[in-house]
Amino acid sequence: MNLNERDNLLRKIQAEDFALYETVLFLDGHPHDEAALAFYSAHRDTLEKLKREYTKKYGPLTIYDNGDSKCWHWIDKPWPWEKEAN
């Protein structure tokens, strides 16, 4: 497992998640802003793509990403937030 690649992918996910959260806060006050809605849509799609890539390569990112009906992979280590594994 390439830990630098894993860490870089996790950081991209965190950056996209942050951008989306900030955009949601903006949209709460400006619900008809077309540029903000387009930004949200594009970054939501990017985030979902990155999360699928992470899950495929390194396992579930959250409890909702297990995706295997025969085994509960959430308990497999290392978990995304465990620094000693990085």
Filtering segment 1-36 down to residues that are over 15 Å from the mean Cα position of the chain (by Cα), loosely packed, with under 15 Cβ neighbours inside 10 Å and in contact (Cβ under 8 Å) with a residue 12 or more places away in the chain yields 1, 3, 24
Which ones in segment 1-46 are over 21 Å from residue 60 (Cα atoms) and in contact with a Phe, Trp or Tyr (Cβ under 6 Å, 6 or more places away or on another chain)? 23, 36
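Scanning for something exposed (fewer than 11 other Cβ atoms within 10 Å of the Cβ) and at pLDDT 75 or above, does segment 44-51 turn up at least one residue?
No: segment 44-51 contains no residue that is exposed (fewer than 11 other Cβ atoms within 10 Å of the Cβ) and at pLDDT 75 or above.
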Residue 70 passes all but one of the listed conditions (1) exposed (fewer than 10 other Cβ atoms within 10 Å of the Cβ); (2) modelled with pLDDT of 70 or more; (3) within 20 Å of residue 18 (Cα to Cα); the exception is number (3)
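The values are calculated or read from the model by the stated rules, or taken from the named source; none is laboratory data. These numbers were taken from a predicted model, which means no experiment stands behind them. Positions of Cβ are generated from backbone atoms using ideal geometry, with glycine treated the same way; all protein chains shown enter the neighbour counts.
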